[in-house]
Amino acid sequence: MPAIVSITSQGQVTIPAAIRRKLGLNRYPKAQVFLRKNQIILSPIANILDLAGALKDKAIKGKNIDQIIQQEEKAAFLAAKKRGEKYGRKKN
């Protein structure tokens, strides 16, 4: 789907609508641009706000922050202990 585009004196380029639609660029307000072997590569960057609610099912509800910290510390300790056992380290 090659297209010829103009580059303004300020370095702006309009990406044709068909290409924007195919790549979903209308959803992303920002993009990363870099040079690879004399080609300009444009890669969309997802909006951080699109991630809202992504961890909703992982939330720990019904506990205060101190209880959550205690729960996570215990889980980290048990995971580290399990890894130690896996690699033949001595159990305590």
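Throughout, read-outs are computed from the coordinates displayed, never taken from laboratory work. Quantities reported herein were computed from a predicted structural model and do not represent experimental measurements. FYI the Cβ positions are ideal-geometry reconstructions off the backbone, even for glycines, and counts take in every protein chain you see.
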Could you pull out the chymotrypsin sites (Phe, Trp or Tyr not before Pro) across the stretch 9-92 that fall in loop regions by DSSP (anything but H, G, I, E, B) with no more than 11 other Cβ atoms inside 10 Å? Y87
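Quick one, what does Rg over Rh come out to for the chain if you take C-alpha atoms and the Kirkwood Rh?
Values: Rg = 24.3 Å, Rh = 18.8 Å.
My calculation puts Rg/Rh at 1.29.
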Pairs of alpha-carbon atoms within less than 8 angstrom and 6+ residues apart define the contacts here; what relative contact order does the stretch 1-58 have, in percent? 21
Quick one: which residues, 5+ away or cross-chain, put their amide H under 5 Å from the amide H of A31? H built at 1.01 Å from N. I45
